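Okay, so here's the structure we're looking at.
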Amino acid sequence: FLDGATGTEDHRVWARGLAASTQDVVAVVNRIAVTPTIDWTFAPALAEVRALIQRGLASLPLVALALVILPLAFYSAVLVGRMVEWLLRRQVGSPFLRRVMARAAAVPVFLIGLYIVLQVAGLTQLALSILGGAGVAGIIVGFAFRDIAENFLASLLLSIRQPFRRGDHISVGGEEGTVQSMNTRSTLLMSREGNHIQIPNAAVFKSTIVNYSAAAARQEFLEVG
């Protein structure tokens, strides 16, 4: 039976091991209490600060390399996006759809640069976690921002089908006006009174669209007198 008090858990374990290794000892009941002593010195904190500074100085080359690779990856992504948008200027008539496709091509370029930085820094597990968690994060974000995702997909489908263009006079969802622009969330109309009307793209996609500017001629029935 071991009784008493000690300042650390290591001493308590050491005492039990010493007693258990004694000849003819069958079992050890360790009743030593751990009562840590209060140290009013700043030596542990200063040692930790020194160790942190040393680790920071050792990682300076990796930080410098990251400061070189990340801007290169960013500007490479921008260049790839502009090149894709330039190549699609004739094949894709919708400016919005060209921007979306350009960004879809530019984002992987930046992610590759980020992955290289993490690999060089020795954060391989973090890099794999980021790449593996991207799909999970996409699912979570999709559920959390379901309306935003729905409007974004509707904007892509509208850009592909192109039931109207900028400057067309349309009627959709009980609203009528001239198409000003379309972003990832809504379609902006200008009414005859000069008011801006923002309609969610999901509502535009699901509603009946009347495009008064689709044909060169338009038939009207007027009663005079």
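The values are calculated or read from the model by the stated rules, or taken from the named source; none is laboratory data. None of these values were measured; they are calculated from a predicted model. We place every Cβ from the backbone using ideal geometry, glycine too, and count neighbours over all the protein chains shown. The accessibility values were calculated without ligands, DNA or RNA, using every heavy atom of the protein model including side chains. Shrake-Rupley method; radii C 1.70, N 1.55, O 1.52, S 1.80 Å.
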* Could you give the angle, 0 to 90 degrees to the nearest 10, between helix 60-87's Cα long axis and the longest principal axis of the Cα atoms of the chain? -> 20 degrees
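To check you understand DSSP bridge types, tell me what percent of the beta bridges within the chain (both residues inside) are antiparallel, rounded to 5. Write out the running numbers ahead of the final one.
Working: 16 of 21 bridges.
Close to 75 percent.
How far, in nm, would the chain grow between Leu87 and Ala20 when pulled straight, counting 0.36 nm per residue and subtracting the alpha carbon separation?
On the way: separation 67, 0.36 × 67 = 24.12 nm, distance 7.83 nm.
Using 0.36 nm per residue and subtracting the Cα-Cα distance, I get 16.3 nm.
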* Highest mean first, what order results for 148-159, 108-119 on Cβ atoms within 10 Å? -> 148-159, 108-119
* Asked: If you put +1 on each Lys and Arg Cβ and -1 on each Asp and Glu Cβ, how big is the dipole of the chain around its Cα centre, in Debye rounded to 20?
  -> 880 debye
* Asked: According to a simple spin-label model (label point 7 Å from Cα along Cα-to-Cβ), what is the distance in nm between Arg166 and Val13?
  -> 6.9 nm
* Carbon-plus-sulfur fraction of the accessible area of the chain, 1.4 Å probe, in percent? -> 64 percent
* To do: Find the accessible area per residue for the range 1-104; the probe is 1.4 Å, ligands and nucleic acids are left out, and the unit is Å².
  => 79 Å²
* Cα-based Rg (one decimal) and Dmax (whole number) for the chain, in Å? -> 33.6, 124
* To do: Round to the nearest 10 and give me the degree value, 0 to 90, for the angle of helix 9-20's Cα axis relative to the longest principal axis of the chain.
  => 50 degrees
* Once the convex hull of the C-alpha atoms of the range 8-114 is built, how many Å³ does it hold per residue, rounded to a whole number? -> 262 Å³
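Determine the relative contact order of the chain: mean sequence separation of Cα pairs under 8 Å and six or more apart, normalised by residue count, in whole percent.
Values: 228 pairs, mean separation 26.5, N = 225.
Relative contact order here is 12 percent.
Output the peptides 166-174, 180-188 sorted from most to least packed, where packing is the average of other Cβ atoms within 10 Å over each peptide's residues.
Values: 166-174: 15.4, 180-188: 17.4.
Ranked from most to least packed, the peptides come out as 180-188, 166-174.
In Å², what does the accessible area per residue of the range 140-221 work out to with a 1.4 Å probe?
Ligands and nucleic acids excluded, the result is 67 Å² per residue.
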* Kindly express, to the nearest 10 degrees and within the range 0 to 90, the angle between helix 146-161's C-alpha long axis and the longest C-alpha principal axis of the chain. => 40 degrees
